[in-house]
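Reading through the structure tokens given below for one structure.
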Amino acid sequence: MTGSTSPTRQPALFLSHGAPPLVDSPTWVQQLKTLARGLGRPTAILIVSAHWEAAPLTIGSTDSRTPLTYDFGGFPEKYYRVQYRSPGAPDLARRVAAMMPDGEPIAHDPTRRLDHGAYVPMTVMYPEADIPVLQISLPTLDPERLLELGRRLKPLRDEGVLVIGSGFTTHGLPFLRDWRPEATPPSWSAEFDAWAAERFTAGDVESLIRFRQTAPGMPYAHPTVEHFAPLFVAFGASDDAEQRPDQVIDGFWMGLSKRSLVLA
């Protein structure tokens, strides 16, 4: 698709992407760099971020000149000056559209470039910004439907496309009381993270699907669920949704779990 004759088959990822200041965390930066080095070079990157909910499925800009989406507020000015001019991915956009069911509407938004759920981890993993990156919307928050979306995207991995669901394993911002990066995680965050780690280890996707009803720490860990939803796109794009993914990043930042996964 991008001229490579023998692309490296890529995994699917779930990344806890963090707010823009996470790039100032040496631990997180080193973890992401180590992860990227082990993946081989993708031909392109397809990202579904918690920060773009739009139905029907919407395909973002494929023009690198489109400004990034600075979808956050209250941070120092330096975070609004970050640039990430990765090449557009028009071929990938056409492939994604062709993979959707016949008769299902698909939208295009040429004004929407990567949001911070996409470009923040990319600035660490691929700082040269020389790999085409495409963002598509979260068209639903229903885990079953997101699994199906991931299944449709799975063949892209054989073409060297890295499929990423970008969210956060816990995201109870309204209930944080200590905003320091090194804050002790609240009980609801620690309990949800431990439960998620156990479910991942057990390959228990059915419990993960029912996280709103079964996970400890709810609803505080996810008062809204868009930050856990991208997980299901990654699981759907994997070889087996009941696999035991490689839990490549763990720990907390501002008390929130940054557990992240590689799925074969």
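The values are calculated or read from the model by the stated rules, or taken from the named source; none is laboratory data. Keep in mind the model is a prediction, meaning the values are calculated, not measured. Glycine gets a Cβ as well: all are built from the backbone with ideal geometry, and neighbour counts include every protein chain shown. Protein only, heavy atoms only, side chains kept; ligands, DNA and RNA dropped before computing areas. Shrake-Rupley method; radii C 1.70, N 1.55, O 1.52, S 1.80 Å.
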Conditions (1) open to solvent by 70 Å² or more (accessible area, probe 1.4 Å); (2) touching a residue at least 24 places away in the same chain (Cβ under 8 Å): number failed by Thr66: (1)
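Conditions tested, residue by residue: (1) touching a strand residue (DSSP E or B) at 6+ places or on another chain (Cβ under 7 Å); (2) part of a loop (DSSP other than H, G, I, E, B).
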position: Gln213; (1), (2): no, no
position: Pro219; (1), (2): no, yes
position: His222; (1), (2): no, yes
position: Phe228; (1), (2): yes, yes
position: Phe232; (1), (2): no, no
position: Gly236; (1), (2): no, no
position: Val248; (1), (2): yes, no
position: Leu261; (1), (2): yes, no
Residue satisfying all of: in segment 185-202; of a type in the set (Gly, Ala, Ser) and out of contact with any Leu (no Cβ under 8 Å at 6 or more places or on another chain); surrounded by the most Cβ atoms within 10 Å (Cβ to Cβ) among these: Ala190
Tyr84 vs. criteria open to solvent by 30 Å² or more (accessible area, probe 1.4 Å) and of a type in the set (Ser, Thr, Tyr): no
Among residues of segment 171-205, those that are under 14 Å from Ala241 (Cβ atoms) and either assigned to a loop (DSSP other than H, G, I, E, B) or without any contact (Cβ under 8 Å) to a residue 12 or more places away in the chain (or both), counted: 3
Enumeration of residues in segment 87-97 that are at pLDDT 95 or above and either open to solvent by less than 80 Å² (accessible area, probe 1.4 Å) or in contact with an Asp or Glu (Cβ under 8 Å, 6 or more places away or on another chain) (or both): Pro87, Ala89, Pro90, Asp91, Leu92, Ala93, Arg95, Val96, Ala97
In segment 12-58, the residues that are of a type in the set (A, V, I, L, M), farther than 23 Å from Arg152 by Cβ and open to solvent by 50 Å² or more (accessible area, probe 1.4 Å): Val23
Matching residues in segment 127-170 - criterion: being part of a loop (DSSP other than H, G, I, E, B) and either in contact with a Phe, Trp or Tyr (Cβ under 9 Å, 6 or more places away or on another chain) or open to solvent by 40 Å² or more (accessible area, probe 1.4 Å) (or both): Pro127, Glu128, Ala129, Asp130, Leu141, Asp142, Phe168, Thr169, Thr170
